[in-house]
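Data block below; observations after.
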4 protein chains.
Amino acid sequence: MMSKMKAVTLVADWDPRPGFKLGAKDIEGKQTYLGSKVWRNPKLEIREYDIPKPGKGEVLIEVKACGICGSDVHMAQPDDDGYIFYPGLTGFPCILGHELSGVVVEAGPGAIDKRTNKPYKGGEAVTAEEMLWCGECQPCADGWPNHCERLNEIGFNVNGAFAKYIVLPAKYLWSLDPLKERYKGDDLFLAGSLVEPTSVAYNAVIERGGGIRPGDNVVICGGGPIGLAACAILKRHGAARVILSEPSATRAELGRKMGADYVIDPTKVDFAEEVLRLTDGYGASLYLEATGLPTVVYPGIEKAIWEGRTLNSTVVVVARADAKMPVTGEVLQVRRARIIGAQGHSGHGTFPRVIECMATGMDMTPLITKKIKLEEVPENIIMLRTDRKECKITCVMD
Amino acid sequence: MMSKMKAVTLVADWDPRPGFKLGAKDIEGKQTYLGSKVWRNPKLEIREYDIPKPGKGEVLIEVKACGICGSDVHMAQPDDDGYIFYPGLTGFPCILGHELSGVVVEAGPGAIDKRTNKPYKGGEAVTAEEMLWCGECQPCADGWPNHCERLNEIGFNVNGAFAKYIVLPAKYLWSLDPLKERYKGDDLFLAGSLVEPTSVAYNAVIERGGGIRPGDNVVICGGGPIGLAACAILKRHGAARVILSEPSATRAELGRKMGADYVIDPTKVDFAEEVLRLTDGYGASLYLEATGLPTVVYPGIEKAIWEGRTLNSTVVVVARADAKMPVTGEVLQVRRARIIGAQGHSGHGTFPRVIECMATGMDMTPLITKKIKLEEVPENIIMLRTDRKECKITCVMD
Amino acid sequence: MMSKMKAVTLVADWDPRPGFKLGAKDIEGKQTYLGSKVWRNPKLEIREYDIPKPGKGEVLIEVKACGICGSDVHMAQPDDDGYIFYPGLTGFPCILGHELSGVVVEAGPGAIDKRTNKPYKGGEAVTAEEMLWCGECQPCADGWPNHCERLNEIGFNVNGAFAKYIVLPAKYLWSLDPLKERYKGDDLFLAGSLVEPTSVAYNAVIERGGGIRPGDNVVICGGGPIGLAACAILKRHGAARVILSEPSATRAELGRKMGADYVIDPTKVDFAEEVLRLTDGYGASLYLEATGLPTVVYPGIEKAIWEGRTLNSTVVVVARADAKMPVTGEVLQVRRARIIGAQGHSGHGTFPRVIECMATGMDMTPLITKKIKLEEVPENIIMLRTDRKECKITCVMD
Amino acid sequence: MMSKMKAVTLVADWDPRPGFKLGAKDIEGKQTYLGSKVWRNPKLEIREYDIPKPGKGEVLIEVKACGICGSDVHMAQPDDDGYIFYPGLTGFPCILGHELSGVVVEAGPGAIDKRTNKPYKGGEAVTAEEMLWCGECQPCADGWPNHCERLNEIGFNVNGAFAKYIVLPAKYLWSLDPLKERYKGDDLFLAGSLVEPTSVAYNAVIERGGGIRPGDNVVICGGGPIGLAACAILKRHGAARVILSEPSATRAELGRKMGADYVIDPTKVDFAEEVLRLTDGYGASLYLEATGLPTVVYPGIEKAIWEGRTLNSTVVVVARADAKMPVTGEVLQVRRARIIGAQGHSGHGTFPRVIECMATGMDMTPLITKKIKLEEVPENIIMLRTDRKECKITCVMD
């Protein structure tokens, strides 16, 4: 094993906007919960690091694949004032990359494999959660790790996986063994790198949205990776009709591949009318807002709920947005409907179930439209500021 | 038994606003689902009627008590153009009154008492649902009677209970027998007349809101009859703290009597800050919007959820309003929260459970602040347009 | 239209066993809730009837297909003392047949199509629930039609569908329109006749069992029509592995066709060990007891739960049996498991969702292994006392 | 602070019964998951120990009160062959005591108070969970800490709280601050020591049993501390009638004090008939088996469910027993009922909600019928082998 490794590093200046006040968990000059208020002049560099050593309960993983996420793009993208777009927890410099898969190469003491309840011995194919929930605060103790009050995040304020190696606590890892029958060679790790984003969608529609009953209709607004993963999950869950609302033709095609029965272009048809037409006037049991434009999308969802005959519709808001949706309570009353927010991917048996779905026929790999090498990561992160053609770009390690 | 009876009748002119189109279930000159678009010049009259006869599956009830509801007020109240305020299903002329209790005096063939599974024989003390769900449409067949597609409503488009007698299908009746140990004489029927509005609150916070776990905090916005009933129900359900937000001093006092541990005046304190102060920074698990002013109230609820540490809060919207609440999806995401609409009181075991609660200590009768006679109903309905002093005014029959 | 029709009629003698006492809803000489205690010397006859007339809220249906159910066999089968095997609600003579589909030919006044909310006009393809829930007793009012306290049943105490025509209240009908795109000609009605038994399975695993999350494992004990339908439903619902336990080779093959990933022969392998082997030691989230032999089957289920790592397993008991299962509470404690009983198919949106599933790819028609004519029904009902080769035998009307 | 402390220690011989095989997590001579198969000749000794030091994430607690639990009695009680009665996880010698409250006196680095999210500074009044869930195995990661695969238990295989001091990881502690308004002096810690057993009952009836709706009836079988705590919790949760089944007159009286509306002596009346009589023929929505004699108790519960009109009853089995209950599936089917196992008290927000209930009126301290000093613990543990008079005996530290 080499002793040095290269890694894609996000560097930025700590230059808080006027009026910014350090939060309780912020650390002067190093870390903040409000990235876009603080970090300026982001730069992507490939830096050299010592290969890290696993401590107690940790393992060293040789990274095999790692996808680029939209948040990677927003962390590296300056606005007109030079501040990064990404609004959340960040601590720079930081190695990016959190949609990872790899192989355990070394284990610290007490690093136990959840699947076998035995110590990691090396050679295990794994993926990891991105959220390093503490397991000790009240939300964690109560069973809500996605709402950890002392959260750290891989590739945001903790070094990530656009690197040859990464050290992670064993408790965040999930075995990719179940995938080995269906995926061979690189494909195992490509599939494995998709477990994390698929789990975000699964948490949204299954854990938070409550899933559906076989024969229900669903509507997914937005054909990004989360929306497309939701198409696959809800098709698998038994939806009668999966309707994807997405203007891009390439995404529409991908949507059909992932399980959408119909794709609507909301810029060309009336969203609600089309949903009602496709469902014989019933509408859907579950609507997923995955566009990030809730003020644009919600009125159409509300109309479909109001005019459709389906009762008990759930609207799940998974895309992050600062905007205020105009919500008519009467529609929720008359149609027995509800609105729910979804965040995270940890806990609730989500990761292992996503892996089981992939192991038994839910193929997410079509989401990966481009494979790149580590050195190409920076240019691709920058390219994604404007590109609308690629879906998931994934770094495959040599 | 006399052969004639007097009854408080709402009379109005069928004079649709320009552009009004008859709906599928509207009947020209007789009935509409959009009252405020059609009915003009409402008048309350005490008219004389033949005492009705119970048909198949029906019973004749001698009414003993009947409360005035806010919708009675709005049906009889003209706006500046002379149209009634009440926006929903209405068919005039109609005897008003739907918060009723009474005694069965005659039963048609096949009118069976749900409590005994035997035919009604006369003498049974009963209350009734206000919603005459058909039991045959898809929502009814699927188990959602509050969303019946062929609904009729007592005292709105079907003759109501501000009368000596009323005929009703047996299936909408619920026995008041369990109350007899605790309530004697008139009190039995006063309590019985409160089952219907209490069931609206119960449906909102228990069936729709999902109830709470003992030790959770709750916040009720609005100290009208529904909000006050919700205080009693949630106190009974084990809330750690029931916080009522209500500016009126008389309602505040009534709130404390009904179970509120604290009453906030949102016109004098910052609602969210006060909720957080009273809950040691946690906020509440359930917020009930029962004011009818969601655009005013929601921002405060949202702030309490955002700044409080409680996860999984449910906002139940029970008051009807046409306004659009400004909802920040991110708050629902970060706090794992949800918004739910509540409508109706039927089904889900609500009426019998409300009666059981009343039978075992949940005393709702303090809600009745004034008792009147049948002839006084019209003037009191009109007085309630402006009065903020009385809570529930109840007509007690001679 | 002819004025007479032939119908398969079950005739038996009212000859109560010693000690039998008439129940509250029993009718001397006509009807009992305890068939096997009362009816003796069953005979199947093809009798001639006047074609019935639809009354208020009813329609006349021309039957197109009707399946033979196990209960038909048990009603017509005498034990050693000559009493029928079937233990439940029965009133003879009665036309048998309750798994029906057909076409509306005439509608009484107020017979409204749930799908359109308009009166039936004739020509509609429909299926029907078997359970004539009253809609007026407390369980019905509370939302539990499968537990109606005044139940009647088609083909048990109310004339059934092994006949050219049947009259039924419109509220029990469900439109087969959604199936028309996928099923043509007779196939529409064959599929339609399977909605009822499929709904029994759906009610068991989805409504009562609570469904599964995509990626969960399930085990179905018993490859009769209900067990096989459950295989199809749970595969559709996203199970990682559907394991069917069934000794018959022909049923095993049918099981694979309906969605089972694996079939176990519990007479040849250790049930629990095999389940654990196929699930990598995890076991299943849902176990369906559909054999009618719970004392034989439960110990194996309990062992699989105890030794498997899956928490929160649900055991659904759908097959009727008088036996006592030996249940170790400690297993339910340590594994966070539960046991649930399932009965019926009505309510909860089950029929329309089953139809939507069939309309969008869940093909149940392989369950039908033999098609017969009306005259052949009696001999086939008798043949099924011993036959283990056929699955569903369906009468197709000329 | 002294440097030495006395502690009640359970000593026993490692002398496995013939045929015993070391389990995966057993440790030769030190620890086993099957206590009664291994440990012989138990002795209670008061031994002297160095006062422990808190490590990383840990705090040193000065114990103020600690209750004796039935499992303490069974660990110290030999059967005819000299083996201990307690069947579970044990590692001796071990300081007993797990129903504790106390004051933090010293904090290791990173020992954070869940209530404030700040480091413990000393002086905080706390109680602790008994189950040291690892937070890293699959059940813990999935949200089921009561089913941790690497569990340790205070006072069983980890030194407990019948001692002046105890060191515990901060994450298992819960602040008693909310109790300070209502409980002063020793009472604060007496109440605090009851949080653990009350949480076992809360987990059983609320988390596992699903709670009730206000107005439901409940039946508690067994008036031990768990059963009595369940009476208080369910009364608080809004039960119409809390019925306790318990033969002992002193326990019956205590039951009434804790919230039981009725107490049945099942040795003198027919349990099911009495339940039905008290509930007007309805029976109960929730039955708690807290006797440890399920084969004796279950037939009565089953009869009450079968003959009662209540649907959807839940039977929660919380008491541990090796016996097999005779369960008739048909009863679960006809009555839409279910059986559930309950274990543990951790997670799901249980501890903090129990504390909130106590802080707002649910007084559990009547459960403590005797207060003793540390030196008296051994004799009282032995006395409880036969005593049926005391409920909770609690050691109050000087």
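A few points about this structure:
- Remark: the protein assembly as shown carries 35 Å² of accessible area per residue (probe radius 1.4 Å; ligands, DNA and RNA excluded).
- Dipole magnitude of the range B:252-306 about its Cα centre (Cβ charges: Lys, Arg +1; Asp, Glu -1), debye to nearest 20: 100 debye
- Inter-copy label distances at B:VAL269 (7 Å, Cα→Cβ; nm, one decimal): 4.6, 5.3, 6.6
- Mean partner shielding of peptide A:344-351, defined as the number of other chain Cβ atoms within 10 Å of each residue Cβ, is 4.
- Among D:GLN333, D:THR369, D:GLY349 - extreme Cα towards positive end, dipole of the range D:328-376, charges at beta-carbon: D:GLN333
- In nanometres and ascending order, the distances from the A:ASP398 label point to those of the other copies are 7.4, 8.2, 10.3 (point 7 Å from Cα along Cα→Cβ).
- Annotation: amide H-H contacts under 5 Å for A:ILE372 (H modelled 1.01 Å from N, sequence separation of 5 or more, or interchain): A:THR394, A:CYS395, A:VAL396.
- Share of carbon and sulfur in the accessible heavy-atom surface of the range A:201-341 [1.4 Å probe, %]: 50 percent
- Farthest towards the positive end of the charge dipole of the range C:224-365, among the residues C:ALA272, C:VAL316, C:TYR282, is the Cα of C:VAL316, using unit charges on the Cβ of Lys, Arg, Asp and Glu.
- Distances between every pair of Cα atoms in the protein assembly as shown, grouped in 10 Å steps from 0 to the bin holding the largest one, split as 1, 7, 14, 20, 21, 18, 12, 5, 2, 0, 0 percent.
- Residues along the range D:186-229 losing 10 Å² or more of accessible surface when the other protein chains are present rather than the chain by itself (probe 1.4 Å): D:TYR202, D:ILE206, D:GLU207, D:ARG208, D:ARG213, D:PRO214, D:GLY215, D:ASP216
- Charge tally for D:LYS6 (other residues, Cβ to Cβ under 9 Å; Lys, Arg +1; Asp, Glu -1): +1.
- Under 17 Å from a label point set 7 Å out along the Cα-to-Cβ vector of C:TRP306, the amide N atoms of the range D:308-337 belong to D:320-327.
- Residues whose amide H falls under 5 Å from that of B:LEU89, counting only those 5 or more places apart or on a different chain, are B:GLY35, with hydrogens built in the peptide plane.
- In order along the range C:384-390, the phi-based Karplus estimate (6.51 cos²θ - 1.76 cosθ + 1.60, θ = phi - 60°) of 3J(HN,Hα) comes to 6, 4, 10, 4, 10, 8, 7 Hz; Gly and Pro are listed as x.
- Buried on complex formation within the range A:90-114 (loss of at least 30 square angstrom of accessible surface versus the isolated chain, 1.4 Å probe, ligands and nucleic acids ignored): A:ILE112, A:LYS114.
- Percent of beta bridges antiparallel (DSSP, the protein assembly as shown, rounded to nearest 5): 65 percent
- Candidates B:VAL334, B:VAL354, B:VAL205, ranked by Gaussian network fluctuation over chain B, Cα under 10 Å, top entry: B:VAL334
- The charge dipole of the range B:201-341, taken about its Cα centre with unit charges on the Cβ of Lys, Arg, Asp and Glu (plus for the first two, minus for the last two), comes to roughly 360 debye.
- Gyration tensor verdict on the range A:81-181 (Cα atoms; rounded if a/c is under 1.5, prolate if a/b is larger than b/c, oblate otherwise): oblate
- Distances from D:ILE372 to itself in the other copies, using label points 7 Å out along the Cα-Cβ axis, amount to 6.9, 7.1, 7.5 nm in increasing order.
- Rounded to the nearest whole Hz, the Karplus-based 3J(HN,Hα) values (6.51 cos²θ - 1.76 cosθ + 1.60, θ = phi - 60°) of the range B:315-328 follow the sequence 9, 9, 9, 10, 6, 7, 7, 8, 7, 9, 7, x, 10, 8, with x at glycine and proline.
- Gyration tensor (alpha-carbon) shape descriptor, the range A:275-398, a/c threshold 1.5: prolate
- Within the range D:148-188, GluC sites (Glu not before Pro) in DSSP loop having at most 13 other beta-carbon neighbours inside 10 Å: D:GLU181
- Helix-only CD estimate at 222 nm, as mean residue ellipticity for chain A, using -39500 (n - 2.57) per DSSP H run (n ≥ 4): -6500 deg cm²/dmol
- Pairing chains C and B buries close to 1700 square angstrom of accessible surface in total, based on protein heavy atoms and a 1.4 angstrom probe.
- Under 5 Å, built H, 5+ apart or other chain: amide partners of D:THR328: C:MET325
- Rounded if a/c under 1.5, otherwise prolate or oblate - the range D:213-287, Cα gyration tensor axes: oblate
- Reported to the nearest whole Å, the Cα centre-to-centre distance from the range A:47-93 to the range B:242-303 is 43.
- Apportionment of accessible area to carbon and sulfur, the range B:11-55, percent (1.4 Å): 51 percent
- Note on chain A: with a GNM built from Cα contacts shorter than 10 Å, the maximum mean-square fluctuation among A:GLU124, A:GLU379, A:GLU99 falls on A:GLU379.
- Sparsely packed trypsin sites (Lys or Arg not before Pro) within the range B:183-288, loop by DSSP, other Cβ within 10 Å at most 14: B:LYS184, B:LYS268
- Of all beta bridges that DSSP places with both ends in chain B, some 65 percent have antiparallel geometry.
The values are calculated or read from the model by the stated rules, or taken from the named source; none is laboratory data. Note that the coordinates shown come from a computational prediction; the quantities given were computed from them, not determined experimentally. Neighbour counts run over all protein chains shown; Cβ positions are idealised from the backbone, glycine included. Only protein heavy atoms, including side chains, enter the accessible area calculation; ligands, DNA and RNA are left aside. Shrake-Rupley method; radii C 1.70, N 1.55, O 1.52, S 1.80 Å.
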